[in-house]
1. Is there any pair linking a residue in region 21-45 that is outside any loop (DSSP other than H, G, I, E, B) and among the charged types (D, E, K, R) to one that is surrounded by fewer than 13 Cβ atoms within 10 Å (Cβ to Cβ) and modelled with pLDDT under 95, with Cβ under 9 Å and at least six apart or on different chains, and which?
2. Being among the hydroxyl-bearing types (S, T, Y) and within 15 Å of the chain's Cα centre (by Cα): is that true of S110 here?
3. Name the pairs: first residue in region 86-101 and in a loop (DSSP other than H, G, I, E, B), second residue more than 8 Å from the ligand (Cβ to nearest atom) and of a type in the set (D, E, K, R), Cβ to Cβ under 9 Å, at least 6 apart or on different chains?
4. Would you confirm whether any residue within region 157-167 is at pLDDT below 95, loosely packed, with under 11 Cβ neighbours inside 10 Å, over 19 Å from G74 (Cα atoms) and of a type in the set (S, T, Y)?
Amino acid sequence: MPRDVYPKVEVSDMTIRALCEDDLPEVLDIERQGYSFPWSESVFRGCFRPDYRLWALDIGDGLSGYAVVAYMAGEAHLLNLCVAAGQRRSGAGRRLLRHLVAESARDGMSQVLLEVRNSNDGALDLYVSEGFSVIGRRPGYYPGGQEREDALVMALQTRTRVSGLLSL
Ligand SMILES: CC(C)(COP(=O)(O)OP(=O)(O)OC[C@H]1O[C@@H](n2cnc3c(N)ncnc32)[C@H](O)[C@@H]1OP(=O)(O)O)[C@@H](O)C(=O)NCCC(=O)NCCS
């Protein structure tokens with residue numbers, strides 16, 4: 001089956017919009033479901049800046065996921081991508097990722113960069129299936145239990161993707 005078909009659950013009422021500060025209580029709830037070391041409220045508040053893009057994905061009338069992207073030196077850095085635990089594997093993460101890549105391209109960013117935990121197989125699979133390549137490794141980048149964990153650095157050139165994505 002082609003990788004860009006949503007194969008698990010058909011969810012037709014997904015919408016993407018700009019995240020706003022009023023969403024933060026739901027964001028913090030989803031964030032705590034998603035990470036062992038979640039961002040604090042103050043970290044999220046610090047992301048409401050002109051050079052950041054914050055995207056919200058609603059399913060029905062509730063927030064189900066979000067993405068935080070920083071624009072720096074002509075490149076988009078994906079800092080956070082998270083979907084509510086009960087809404088995963090329904091295409092929400094892929095939808096958010098495609099949206100932020102298309103918007104980054106539209107805003108003139110040459111590539112999208114991200115870090116992902118070496119052990120985060122689900123996220124790695126998503127990024128690879130959307131065309132991201134591993135371009136480096138940051139040893140001990142993430143806090144862990146006993147030991148810190150490496151990050152893989154991944155990149156996607158937006159020029160190669162934009163023509164297909166702008167129609168989404
Ligand atoms: C990673 C994350 C955003 C994916 O969101 P999602 O809505 O479940 O993803 P999708 O339904 O769009 O899945 C897209 C693809 O990702 C991969 N994937 C996602 N979750 C997976 C899992 N648990 N195991 C294996 N592959 C997985 C699959 O390739 C999937 O495609 P498929 O459904 O055709 O097999 C979500 O699991 C999440 O929020 N995790 C916690 C936070 C996190 O780790 N964020 C990434 C930080 S770098």
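1. E26/G62
2. No.
3. Every condition considered, the pairs that remain are S90/E10; G91/E10.
4. yes
The values are calculated or read from the model by the stated rules, or taken from the named source; none is laboratory data. Remember, predicted model here, so these are calculated numbers, not experimental data. Methodologically, a virtual Cβ is constructed for each residue, glycine included, from the backbone with ideal geometry; neighbour enumeration extends over all protein chains shown.
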